[in-house]
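One structure below.
Every number in this text was worked out from the coordinates using simple rules, so none of it is lab data. This is a predicted model, so every value here is computed, not measured. Positions of Cβ are generated from backbone atoms using ideal geometry, with glycine treated the same way; all protein chains shown enter the neighbour counts.
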Amino acid sequence: MRAAEIDAGARTLIAKLPTVAAWAYKKSIGEPYVYPEVQYSYVENFMRMMFTTPIEEFTVDPAVVKALNVLLILHADHEMNCSTSTVRGVGSSRANMFTSVAAGMGALWGPLHGGANQAVIEMLQAIHDDPDATIDSTIARAKDKNDDFRLMGFGHRVYKHYDPRATIIRAACYEVLDELGKDDPMMDLAMELERIALEDEYFIEKKLYPNVDFYSGIIYKALGIPVSMFTVMFAIARTVGWVAQWLEQCETPTKIGRPRQVYDGPTERKYRALHRRS
């Protein structure tokens, strides 16, 4: 395939994904599709396609555009994670860009990867709906090693200090909440959890700081994005990184992916011949 065709395919994939996502959402709620228009930006078009109805044109707040742009940029690529390594693994067989990115989406769909920010909102909802739950009891449960409860959105497999992306998203989170004037008990709950966790010696010692999933879930909820679309939003952003990884692999061809498997089972087992078995 010629370089010009590959470039055109990359641009098409990145450009079309918000439309596909918005139309899937519209289909799920029984509303007609809204087409993109050239005078709007990437984010503006997506929000319009999501929330414009037959009786009302959706006007996108500049604060929303800014916050969503920040999220999309910070989620575009991030080291050799599960989905990115999947894209490169599939691409190493010379599978085309669309197939490789589709494989990455499959990996991202798992709740331990792309579903993390959704888990944050579900946790906050569960705490809010429990009449016996308080901030203090929630923090105590998170510290109790005999309790399988986890404080979602805290800690990171790679970062053992504050995730640098979280610093930026945290500022964007407060900015968009203030700009939109959102009054939501779950938002207040999240901010109080964040405050206590950042001051608590247990979380400081364990280096369990709020991560991007904690703040991105709060922002998406404030923007009106349904929880069922959180992983889709992640996929829209990460497609840029997946495409870049695939293109890099094409430009500097590597051998087909074949991760090494080290056998650590028994070295010898007793065997009874078939005719001796009862």
Return the subset of K26/K221; K16/K221; K27/K66; K143/K206 for which the Cα-Cα distance in this structure is over 21 Å, preserving the input order.
K16/K221; K27/K66
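Normalising by the residue count of the stretch 35-121, find the relative contact order in percent from Cα pairs under 8 Å and 6+ residues apart. Walk me through the numbers before you get to the answer.
On the way: 48 pairs, mean separation 14.9, N = 87.
Rounded, it is 17 percent for the stretch 35-121.
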Summing -39500 (n - 2.57) over the DSSP H runs of n ≥ 4 in the chain and dividing by its residue number, what mean residue ellipticity at 222 nm do you reach, to the nearest 500 deg cm²/dmol?
-19000 deg cm²/dmol
What per residue convex hull volume, in Å³, comes out for the stretch 89-247 when only alpha-carbon positions are used?
131 Å³
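Output the peptides 257-263, 63-69 sorted from most to least packed, where packing is the average of other Cβ atoms within 10 Å over each peptide's residues.
Working: 257-263: 6.9, 63-69: 19.0.
The densest-packed peptide leads the list: 63-69, 257-263.
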Net length gained if the chain between Q261 and C82 were fully extended (0.36 nm per residue, minus Cα distance):
62.7 nm
So if R0 is 35 Å, what FRET efficiency would D188 and A102 give, r being the distance between their Cβ atoms, rounded to the nearest 0.05?
0.35
Local electrostatic count at A8 - Lys and Arg +1, Asp and Glu -1, tallied over other residues with Cβ under 13 Å
+1
Considering only C-alpha atoms, what is the centroid distance from the stretch 217-232 to the stretch 41-100, in Å?
13 Å
Between K143 and R2, what is the label-point separation in nm under the 7 Å Cα-to-beta-carbon projection?
6.7 nm
Taking 8 Å as the Cα distance limit and 6 or more residues as the minimum spacing, I'd like the relative contact order of the stretch 152-278 as a percentage.
33 percent
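With contacts defined as alpha carbon pairs under 8 Å and 6 or more residues apart, what's the relative contact order of the chain in percent?
On the way: 272 pairs, mean separation 71.2, N = 278.
Across the chain, relative contact order equals 26 percent.
Rounded to the nearest 20 debye, what is the charge dipole size of the chain about its Cα centre when +1 sits on each Lys and Arg Cβ and -1 on each Asp and Glu Cβ? Don't jump to the answer; show the numbers that get you there.
Values: 31 positive and 36 negative charges, 490 e Å.
The dipole of the chain has a size of about 2360 debye.
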